[in-house]
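Before any comments, here is the structure.
The values are calculated or read from the model by the stated rules, or taken from the named source; none is laboratory data. If you're wondering where the values come from, they're calculated on a predicted model, not measured in any experiment. Positions of Cβ are backbone-derived with ideal geometry, glycine not excepted, and every protein chain shown enters the neighbour counts. For the accessible areas, the whole protein counts, side chains as well, though only heavy atoms, and no ligand, DNA or RNA atoms are used. Shrake-Rupley method; radii C 1.70, N 1.55, O 1.52, S 1.80 Å.
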Amino acid sequence: MRRLQVLLLIPVLFFAAMEAGASSIDDLLVVSLHTYDDNTNQTIYSTKASLTKRLSERWGYGLSLGVDAVSGATPSSNAGDGGEDDDEEGESEGNSRVYPSLSLKYDDGQHIGAAGVYLSTETDYTGQSLFVDYTRVMNLGNTAAGISVSEASDRWKISGLDPDNRDERSVTLSLTQTLTPHAQARLVWTNIHSEGYLSNPHRFIDIGPDRVLERLPEERNGDALALKLVTLLKESTSFHLGYRYYSDDWSISSHTIDTALYRDLSGSWTLGGRLRFYTQTDAEFIRPLTEIQVADQWVAVDYKNTAFDTYTAGVEFQYKPGGGSTRFLDWDKAKLKGGLDLYTTSSNDFIDNWYGEDSIVGAMITVSMEYQY
Amino acid sequence: MIMTRFFLLLALIISLASVTACSSRLVRVQPYERESLAQDKMLFTPSTAKAAFDEHVFSIMEASRGGEASFQGGCGCR
């Protein structure tokens, strides 16, 4: 709590020290719909509305409200019986998440800042975070150095378990540099420190007559370093390349390569294609499912902490309707954006054990409208 | 842990000071040359709504997080 209070002071000191300049805060409304669906019967329907309102030349605020509906099956874990599949269908379970956010924004052209609060409520989980962002824009807008700090104090509310906290602090440093009139690069480093109940309370393993809940270490410290490059190949075509290396003290390390190509088809339409590859190593406490014992210090069941690869391929569109205004909307100020991504993991024994599928194959769909009112 | 944070803060201050001091010697693309860079397809995240949802799903499905400039709040699905 003391750290939260200290964090609250930062934006006050920061905004009090601001200088004069010109703002680029726009009055912007973004409404988006998202779905995720995969072969393990996990489905997410999500909708979010974000509003940015300019209050004065340099000040503004942001409001957002998101609602997720999540449904899935309750699988049967059977690794203790030797890892063989049983074909029992789990019962369907659902959850919903509501996550509002409020932030204060400042932008004078050289100093860009935001400070806000985020809440997330679910049936069995409450998330609450404070975040502060500051970006210093230099060199005629060609260089920008940013820092972002967030402090979260979340809480599990699981029936049959004592309520427990999951606290998380993240620090992000970023450096953005324009390379040419047609290319720019960004370097981002993030440190995430988590402590508390980091296990998934819904994950368990049956070992003989005993049902053992997942038990993971109560502290984790991870670093991510990412480099992004955007360049114009031709007047109508841009190329995006991103690489991220992640490493933490659970001995998980990963590499992510993300590429995308966008091409203007006309003044109104832009189409994009995307390929992403991700690979990660085992956590140090991972043991084969058949070797897990009731008395083990750590019991890891979630495939997320094991070695696997993922592949993502997608298409994306942007459409500027134009055509003047109607009574309610000025279509010249609107942009429609959307995309479809197909996602698959490599084969994994832990996925097979929990979901009864060799791998996870899913699809993500997003449709959004941005409106500068 | 305190020493780690001290060195982190020191590195941050030195980095920002260096970038600030050297920024005038870095590439200077003039404002009238930034037409291409201002296009949506040249943004690091051409669709912020899609990028935020994608990152949320990836953070649920994979062990790694971070490296994004945008804030991602906590949830029980991780």
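At-a-glance table
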read-out	value
Subset of region A:274-303 (residues that are at pLDDT below 95, within 14 Å of A:R203 (Cβ to Cβ) and assigned to a helix (DSSP H, G or I))	A:L289
Single match in A:A313, A:A283 (criterion: within 10 Å of another protein chain (Cβ to nearest Cβ) and touching a residue at least 24 places away in the same chain (Cβ under 8 Å))	A:A283
Which numbered condition A:F328 misses (of (1) more than 10 Å from chain B (Cβ to nearest Cβ); (2) touching a residue at least 24 places away in the same chain (Cβ under 8 Å); (3) open to solvent by 50 Å² or more (accessible area, probe 1.4 Å))	(2)
In region B:29-78, residue most open to solvent (accessible area, probe 1.4 Å) [restricted to those that are in a helix (DSSP H, G or I) and polar (S, T, N, Q)]	B:T48
Filtered residue count, region A:233-256, keeping only those that are closer than 28 Å to A:D302 by Cα and in a loop (DSSP other than H, G, I, E, B)	4
Matching residues in region B:19-75 - criterion: being among the charged types (D, E, K, R), modelled with pLDDT of 85 or more and in contact with a helix residue (DSSP H, G or I) (Cβ under 7 Å, 6 or more places away or on another chain)	B:E62, B:R65
Region A:250-272, residues that are among the β-branched types (V, I, T) and more than 8 Å from chain B (Cβ to nearest Cβ)	A:I257, A:T259
Top-ranked residue of region A:214-244 - restricted to ones that are open to solvent by 60 Å² or more (accessible area, probe 1.4 Å) and within 26 Å of A:R287 (Cβ to Cβ), ranked as modelled with the highest pLDDT	A:E219
Test: residue in region A:44-54 that is more than 15 Å from B:A52 (Cα to Cα), outside any strand (DSSP E or B) and basic (K, R)	no
Pairs where the first residue, in region A:103-119, is touching a residue at least 40 places away in the same chain (Cβ under 8 Å) and within 16 Å of A:T143 (Cβ to Cβ) and the second is of a type in the set (G, A, S) and open to solvent by 60 Å² or more (accessible area, probe 1.4 Å), C-beta under 7 Å, 6+ apart	A:G109/A:A22; A:G109/A:S24
Test for A:D296: is it over 30 Å from A:L216 (Cβ atoms) and of a type in the set (D, E)	no
Selection count, region A:329-344, where residues are basic (K, R) and at pLDDT 95 or above	2
Residues located in region A:131-147, provided they are of a type outside the set (G, A, S) and either on the phi > 0 side of the Ramachandran plot or open to solvent by less than 30 Å² (accessible area, probe 1.4 Å) (or both)	A:F131, A:V132, A:V137, A:M138, A:N139, A:L140, A:N142, A:T143
Neighbours by Cβ (under 6 Å, 6+ apart or cross-chain): first from region A:257-268, in a strand (DSSP E or B); second open to solvent by 50 Å² or more (accessible area, probe 1.4 Å)	A:I257/A:Y243; A:I257/A:F277; A:T259/A:L241; A:T259/A:L275; A:L261/A:F239; A:R263/A:L271
Matching residues, region A:336-358, being in contact (Cβ under 8 Å) with a residue 12 or more places away in the chain, surrounded by fewer than 19 Cβ atoms within 10 Å (Cβ to Cβ) and in contact with a helix residue (DSSP H, G or I) (Cβ under 8 Å, 6 or more places away or on another chain)	A:D349, A:E357
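Matching residues to (1) within 7 Å of another protein chain (Cβ to nearest Cβ); (2) modelled with pLDDT under 95:
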{"site": "A:E91", "(1), (2)": "no, yes"}
{"site": "A:G94", "(1), (2)": "no, yes"}
{"site": "A:P100", "(1), (2)": "no, no"}
{"site": "A:A115", "(1), (2)": "no, no"}
{"site": "A:Q128", "(1), (2)": "no, yes"}
{"site": "A:M138", "(1), (2)": "yes, yes"}
